[in-house]
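> Shown below is the structure under consideration.
The values are calculated or read from the model by the stated rules, or taken from the named source; none is laboratory data. The structure displayed is predicted, hence computed values, not measured ones. Here Cβ is always computed from backbone atoms with ideal geometry, including for glycine, and neighbour counts include all displayed protein chains.
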Amino acid sequence: MADTTQLLSASAARHPLFVGVDVGGTNIKIGIVDDSGRTVAYRSVATDEPRGPADAARRIGEAFRHLTASTGLEEGAVARLGLATPGPMDIPQGVIIEPGNLPHWHNAPIRDMVGQACGLPVTFANDANAAAYGEFWAGAARQYRSMVLFTMGTGIGGGIIVEEMLIEGVHSCGGELGHIIIDSHDDAPLNSLGIRGTLEGYCGAYGVVRRTQEAIAAGRATSLNKRIAAGEELTPLMIAEEAEGGDQLSLDIIMETARYMAIGAVTAIHAIDPESVVIGGAMTFGGEGHPLGERFMARLREEAASRMIASLRDKIHIDFAALGGDAGYIGAAGLARREYWAARTAR
C-alpha cells in the first residue's frame, strides 16, 4: 500500500471505478479508485527510467490487468484512467516534454502510450496538480470548493483549484507555485530551472541545505558539524533530527523555512482567495501530530496571518495534507472521474 489509504473491498465499492497512475522518478503508483475516492486496489512498480516510456507504459498495463484480475473485477468495471506525470508537459497533446527526473522520457506521447497499454481513455495531468485534486476530492480540502496545495520535497510543487476546477493554464504550467518569486535581489539563489529568488530556491530540499551550509560557514555553532565531520551528508532529515535534539541553528532554519513558505502561501492567497491552503510532500518536518511538524505549521500560520489582508486572517484554513503519497494517484483517478461524468452529463 502507499502511505495512508486503507483498501476497500471490491464488493463495497461505488461504481463506476477509475484507475489513477502517478509517475515518479523512482516508482509508479497505480490505484483503482471508486466513485467516492476510496482505493479498491493498489500496486507500485519501479519506474526504471532508463528503459524509457514505452517500456513503462507496457508495465503499467500489466499492473493494471493484475489489479483487476486480483480483485475479481469484470471487464468494463473501470471507466477511465487518470495519468499524472512530472512537468513540463503539453496536456492537450498528451506529451511529457523535458522532466528533469525522467531524462529518457523527453517529448514522449505518454498519454497515448498508457492508454493503448491499458485499453482505456486517459485524462492527463501534472503530478502536483493531481495531488491537489486528490486532497480536494478525498483529502484535507474535501469540504471546500477552492484550495491551494504546496508540496514540499526536493522542489516545491503546487496545485490550484477554484470553484472545483483545476487551474492547468494555457501552456500547461498552471499551479507552478514553486516558482513564485519571494526575493527580487540580483544575487538571490537560483532554483532548479535557473530562476532567481523563487520559493523553491529557498524552501526546496536543496534550498534548505544551502541556507544551513551558509549559516555554518558564517560561524554558527551547531551539532550538525559533528555528523558532517563523520562523513554524513547534510539533508533536511538530519536538520530535523538535530532540531528535535535541541540544536538551535537547525530549529532556526526550519522556522525560517516556515516564514518563506508563508510568503509563498500569502502570495497565492492574495491572487486566488481560496478557502484552504494545504501543505504536503515529504519535507513537512514530521507533519501533523509530530511536535516539530506542528511547530513548523504554527509558525507558518503566524507568519501568513501577519502578511495577509486583515479581513482574510480568520477565513483561510491552512492545514497539512491528509493523503500523503497516495494523493497523486487518487487525484489522477478523480480527474478521470470528473471528465467521465462531464461527458455523460453533456450527452
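> Do any residues in region 294-323 that are more than 23 Å from Phe136 (Cβ to Cβ) and assigned by TED's automatic domain parsing to the domain that holds Arg259 have Cβ atoms under 6 Å from those of residues that are part of a helix (DSSP H, G or I) and not aliphatic (A, V, I, L, M), where the two are at least six apart or on different chains, and which pairs are they?
Glu303/Arg259
> From the set of residues in region 19-45 that are among the aliphatic types (A, V, I, L, M) and touching a residue at least 40 places away in the same chain (Cβ under 8 Å), which is nearest to Ala63 (Cα to Cα)? If you could, list the steps in order and put the result at the bottom.
In the first step, residues of region 19-45 are kept if they are among the aliphatic types (A, V, I, L, M); the result is 19, 21, 23, 28, 30, 32-33, 40-41, 45.
From the residues that got through so far, the ones that are touching a residue at least 40 places away in the same chain (Cβ under 8 Å) too are 19, 21, 23, 30, 32-33.
Numbers: Val19: 11, Val21: 10, Val23: 13, Ile30: 8, Ile32: 11, Val33: 15 Å.
So, considering only residues that are among the aliphatic types (A, V, I, L, M) and touching a residue at least 40 places away in the same chain (Cβ under 8 Å), the one nearest to Ala63 (Cα to Cα) is Ile30.
> Here is a further query. Only one residue in Glu214, Glu232, Glu200 is surrounded by fewer than 15 Cβ atoms within 10 Å (Cβ to Cβ) and in contact with a helix residue (DSSP H, G or I) (Cβ under 7 Å, 6 or more places away or on another chain), so which one is that?
Working: Glu214 fails: in contact with a helix residue (DSSP H, G or I) (Cβ under 7 Å, 6 or more places away or on another chain); Glu200 fails: surrounded by fewer than 15 Cβ atoms within 10 Å (Cβ to Cβ).
Among Glu214, Glu232, Glu200, only Glu232 is surrounded by fewer than 15 Cβ atoms within 10 Å (Cβ to Cβ) and in contact with a helix residue (DSSP H, G or I) (Cβ under 7 Å, 6 or more places away or on another chain).
Here's the yes/no breakdown for (1) β-branched (Val, Ile, Thr); (2) closer than 15 Å to Tyr133 by Cα; (3) buried (at least 17 other Cβ atoms within 10 Å of the Cβ):
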site	(1), (2), (3)
Ala310	no, no, no
Ile318	yes, no, yes
Leu323	no, yes, yes
Gly328	no, yes, yes
Gly331	no, yes, yes
Arg337	no, yes, yes
Trp341	no, no, no
Arg344	no, no, no
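> Still on this structure, please answer the following. Within region 217-290, which helices (runs of 4 or more DSSP H) (wholly inside it) include 2 or more residues that are within 17 Å of Gly204 (Cα to Cα) and out of contact with any strand residue (DSSP E or B) (no Cβ under 7 Å at 6 or more places or on another chain)? Explain how you work it out, then say what you get.
Values: elements: 224-229, 236-244, 248-272.
By residue number, 236-244, 248-272.
> Let me spell it out: the conditions are (1) over 25 Å from Asp326 (Cα atoms); (2) surrounded by fewer than 21 Cβ atoms within 10 Å (Cβ to Cβ); (3) modelled with pLDDT of 95 or more, and His290 meets all of them except one. Which number is the exception?
Result: His290 fails condition (1) only.
> Mind listing just one residue for me: the one in region 47-105 that is in contact (Cβ under 8 Å) with a residue 60 or more places away in the chain and surrounded by fewer than 14 Cβ atoms within 10 Å (Cβ to Cβ) and, of those, farthest from Ile167 (Cα to Cα)?
In this case the residue turns out to be Gly72.
> Continuing with the same structure: If I filter region 119-131 for residues that are exposed (fewer than 15 other Cβ atoms within 10 Å of the Cβ), assigned to a helix (DSSP H, G or I) and within 23 Å of the chain's Cα centre (by Cα), do I get at least one hit? Write out each step before concluding.
Here is the first cut: in region 119-131, the ones exposed (fewer than 15 other Cβ atoms within 10 Å of the Cβ) are 119, 121.
So of that shortlist, the ones also assigned to a helix (DSSP H, G or I) come out as none.
Within region 119-131 (the criterion being exposed (fewer than 15 other Cβ atoms within 10 Å of the Cβ), assigned to a helix (DSSP H, G or I) and within 23 Å of the chain's Cα centre (by Cα)), the answer is no, since none of the residues qualifies.
> On to the next question. Filter region 301-347 down to the residues that are part of a loop (DSSP other than H, G, I, E, B) and within 18 Å of the chain's Cα centre (by Cα), then identify the one that is farthest from Gln6 (Cα to Cα). First the steps, then the outcome.
Filtering region 301-347 down to residues part of a loop (DSSP other than H, G, I, E, B) leaves 308-309, 313-316, 321-323, 347.
Filter once more, keeping what is within 18 Å of the chain's Cα centre (by Cα): 321-323.
Numbers: Ala321: 16, Ala322: 13, Leu323: 11 Å.
Applying the filter and picking the extreme gives Ala321.
> Same structure again: Can you name the residue in region 111-120 that is without any contact (Cβ under 8 Å) to a residue 60 or more places away in the chain and touching a strand residue (DSSP E or B) at 6+ places or on another chain (Cβ under 7 Å) and, of all such residues, is nearest to His66 (Cα to Cα)? I'd like the intermediate steps shown before the answer.
Just the residues of region 111-120 that are without any contact (Cβ under 8 Å) to a residue 60 or more places away in the chain, to begin with: 111-112, 115-116, 119.
Now drop any that are not touching a strand residue (DSSP E or B) at 6+ places or on another chain (Cβ under 7 Å), which leaves 111, 115.
On the way: Arg111: 20, Gly115: 16 Å.
Here the answer is Gly115.
> Also, quick follow-up: Could you please find all residues in region 132-174 being of a type in the set (Ser, Thr, Tyr), surrounded by fewer than 24 Cβ atoms within 10 Å (Cβ to Cβ) and modelled with pLDDT of 95 or more?
Answer for region 132-174, where residues must be of a type in the set (Ser, Thr, Tyr), surrounded by fewer than 24 Cβ atoms within 10 Å (Cβ to Cβ) and modelled with pLDDT of 95 or more: Tyr144, Ser146.
> Residue by residue through region 181-197, note down the ones that are within 20 Å of the chain's Cα centre (by Cα) and surrounded by fewer than 20 Cβ atoms within 10 Å (Cβ to Cβ). Break it down stepwise before answering.
First pass over region 181-197, keeping only residues within 20 Å of the chain's Cα centre (by Cα): 181, 191-193.
Result: Ile181, Ser192, Leu193.
> Quick check on region 274-287: of everything there that is surrounded by fewer than 20 Cβ atoms within 10 Å (Cβ to Cβ) and in contact (Cβ under 8 Å) with a residue 60 or more places away in the chain, which residue is farthest from Val208 (Cα to Cα)?
Checking each candidate, the answer is Glu275.
> Could you grab me the full set of residues in region 293-314 that are among the charged types (D, E, K, R) and out of contact with any Lys or Arg (no Cβ under 8 Å at 6 or more places or on another chain)? Walk me through how you get there before you give the answer.
Filtering region 293-314 for residues among the charged types (D, E, K, R) gives 294-295, 299, 301-303, 307, 313-314.
Across region 293-314, the qualifying residues are Glu294, Arg295, Arg301, Glu302, Arg307, Arg313, Asp314.
> Consider only pairs whose beta carbons are under 7 Å apart and that are at least six residues apart or on different chains; among these, list those whose first residue lies in region 186-205 and is farther than 24 Å from Leu237 by Cα and whose second residue is surrounded by fewer than 16 Cβ atoms within 10 Å (Cβ to Cβ) and of a type outside the set (Ser, Thr, Tyr).
Ala188/Arg196; Arg196/Leu190
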